[in-house]
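Only one structure is covered here, and it is reproduced in the block below.
The values are calculated or read from the model by the stated rules, or taken from the named source; none is laboratory data. Remember, it's a predicted structure, so these values are computed and weren't measured experimentally. Cβ coordinates were reconstructed from backbone atoms using ideal geometry, including for glycine residues, and neighbour counts include every protein chain displayed. Just so you know, the surface numbers come from the protein's heavy atoms only, side chains and all, with ligands and any DNA or RNA stripped out. Shrake-Rupley method; radii C 1.70, N 1.55, O 1.52, S 1.80 Å.
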Amino acid sequence: MDKLAIHGGKPAREALLPPNYPGAIMYGKEEVEGIEAVVRSKSPFRYYGPDLQYKVRELETGMRQKLEVDYALGVTSCTAALIVAMKALGIGYGDKVIVPAITFIATAGAVLCCNAVPVFVDVDESMNLDPNDLERVMDDEVKAIIAVPILGNPCDMDPIMAFARQKGIHVIEDVAQSAGVKYKGRYQGTIGDIGAFSFQMNKVLSSGEGGALITKSSSLFERAVRYHDQGLFRDAELYGITPSGIAMNGQNYRMSEITGAVVLEQWKKLDDIVGRMQAANRAIRDHLEKQQPNMKFRDCPDSDGDIGSSLSMIFPNAQFAAQFNQALNAERINTVLLYGGKPVYSFPQFMNQQTGEKGNFPYDYAFRNPIRYTMDMCPRACDLASRSVWLPISPLLDDKDIDEISNGLIKVYRGLI
Ligand SMILES: *Cc1c(COP(=O)(O)O)cnc(C)c1O
């Protein structure tokens with residue numbers, strides 16, 4: 001058997017894998033030309049200018065058409081999209097929002113930014129929100145669920161939607177990591193009340209920073225537009241919406257035309273990028289299933305909907321996962337232990353309810369059912385996060401890369417088991 005690189009053997013690959021920036025790494029002349037058009041027009045603001053190019057509006061149209069929803073709104077980030085979504089839904093002080101125990105910090109942080117508090121539910125073997133754990137945290141102070149398809153895999157939306165309908169609460173889909181992910185043939189983001197997208201550097205499509213939200217509801221859209229633009233609703237006519245005349249305070253989360261120009265070109269590449277990642281992911285999975293059938297991966301409620309951006313392997317224990325991760329990196333197959341192997345609620349602003357605000361607002365609210373967090377409240381998340389290793393799948397992997405990765409994974413697995 002080949003000696004592992006970690007023990008001084010020859011690495012499975014000569015070079016590191018392409019960096020994990022699927023959208024940015026696919027930049028071409030289209031993005032350059034898009035930015036150039038905006039700069040030449042001297043009109044970098046979306047609502048007016050001497051020669052407005054309407055890049056953000058065109059992006060929104062592209063999103064609406066592809067996702068088959070009536071409304072899309074470009075914003076500055078997915079964090080902004082989540083905040084705008086909750087503000088549109090009227091969520092605020094005294095409310096609770098359900099967040100899965102495995103997600104990026106921004107999902108739970110956005111809830112606090114809206115003056116509500118997150119309550120955490122466990123994940124199932126798919127490492128996404130476990131619909132069977134929702135009842136545990138449910139009370140009449142809970143106003144919404146944020147479902148997060150983590151690293152490319154869809155959430156099990158049918159039971160989540162059924163639960164939400166039965167309780168009369170809202171569903172937001174945080175698809176930041178998984179643009180293009182589908183559940184039973186439907187794009188995620190279109191199933192709940194509002195879907196939130198990110199175009200930050202690590203995401204499937206990128207402009208460095210950026211985000212968007214989509215909805216089918218004209219009233220939610222009006223509130224979202226107003227919150228993202230200082231309370232204004234400038235394009236009502238364009239959407240055929242008669243403004244309700246509601247007065248509300250807002251923020252500035254408007255997307256610039258330069259960002260819009262880049263995301264517009266990226267949006268056109270979504271199918272290509274997802275198709276490449278899916279093909280590479282399936283090829284690696286096929287190798288492994290043939291040659292190492294006892295290797296275990298996360299479950300998926302609809303594997304056709306997986307965008308393939310990551311291959312997640314689950315090992316018998318945390319020690320093995322850490323060793324596997326280290327040994328693979330020595331083979332120049334750069335894997336990661338996601339979020340340090342910890343649930344999101346372990347961050348002190350949640351765990352210790354220390355927000356940096358006066359009186360630890362909004363945790364100071366006198367909830368009828370007080371907020372109590374413990375480190376082990378979501379045991380499956382703690383367990384699975386600690387013993388999983390994630391291999392990012394770049395859209396740029398070629399056949400040679402796929403062979404080297406597959407062989408490297410098998411080499412390390414056999415070398416350590
Ligand atoms: C990246 C990410 C966000 C935040 O996106 P930004 O555009 O960086 O604000 C939110 N939720 C999840 C699940 C993410 O991965």
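In terms of its alpha-carbon gyration tensor, the chain comes out oblate; a/c meets the 1.5 threshold, while b/c is at least as large as a/b.
Extending 7 Å from the Cα toward the beta-carbon at both Ser217 and Tyr47 defines two label points whose distance is 2.4 nm.
In this structure, Arg282 and Asp139 have a Cβ-Cβ separation that, at R0 = 41 Å, corresponds to a calculated FRET efficiency of about 0.45.
Annotation: per residue accessible area for the stretch 259-304 equals 46 Å², rounded to a whole number [probe 1.4 Å, protein chains only]. Take every Cα-Cα distance within the stretch 1-126, group them into 5 Å bins from 0 onward, and report for each bin the whole-number percent of pairs it holds. Per 5 Å bin, starting at zero, the Cα-Cα P(r) for the stretch 1-126 comes out as 2, 8, 10, 11, 12, 13, 12, 10, 8, 6, 4, 2, 0, 0 percent. Think of it as helices only: each DSSP H run of n ≥ 4 in the chain is worth -39500 (n - 2.57), and spread over all residues that comes to -11000 deg cm²/dmol at 222 nm. Were the residues from Leu238 through Lys400 laid out at 0.36 nm apart, the gain over their Cα-Cα distance would be 53.3 nm. Relative contact order, whole percent, for the stretch 14-100 stands at 11, derived from Cα pairs under 8 Å and 6 or more residues apart. Calculated translational diffusion coefficient of the stretch 168-270 (4 °C, 1.567 mPa s; Stokes-Einstein with Kirkwood radius over alpha-carbon pairs) equals 87 µm²/s.
Expressed in nm to one decimal, what extension gain is obtained for the pair Asn317 and Met375 from 0.36 nm per residue of sequence separation less their Cα-Cα distance?
Contour length minus the Cα-Cα distance gives 19.0 nm.
In plain terms, the chain from Tyr93 to Asn252 could stretch by 55.2 nm, reckoned as 0.36 nm per residue minus the Cα-Cα distance. Using C-alpha pairs below 8 Å separated by at least 6 residues, the relative contact order for the chain is 23 percent.
Using a probe radius of 1.4 angstrom, the carbon and sulfur fraction of the accessible surface of the stretch 1-82 is 52%.
The label-point distance for Met201 and Asp271, in a model that sets each label 7 Å from Cα toward Cβ, rounds to 3.1 nm. By accessible area, using a 1.4 Å probe on protein heavy atoms only, the stretch 324-417 has 48% of its surface on carbon and sulfur.
For the pair the stretch 111-173 / the stretch 190-221, the C-alpha centres are spaced 18 Å from each other. Heavy-atom accessible surface of the stretch 19-161, averaged per residue, reaches 34 Å², computed with a 1.4 Å probe.
Return the FRET efficiency for the residue pair Ala162, Gln291: r is the Cβ-Cβ distance, R0 is 35 Å, and the value is rounded to the nearest 0.05.
That pair, Ala162 with Gln291, gives E of 0.30.
All other residues with a Cβ under 12 Å from the Cβ of Phe163 taken together, and with Lys, Arg as +1 and Asp, Glu as -1, what is their net charge?
Local net charge: -2.
Measuring r between the beta carbons of Ile105 and Glu36 and using R0 = 30 Å, the FRET efficiency lands at 0.25. Orientation-averaged projection of the stretch 1-60 equals 7.1 nm² [convex hull of Cα atoms, one quarter of hull surface area].
Please work out the Cα center distance from the stretch 346-381 to the stretch 7-68, rounded to the nearest Å. The stretch 346-381 and the stretch 7-68 have Cα centres separated by 37 Å.
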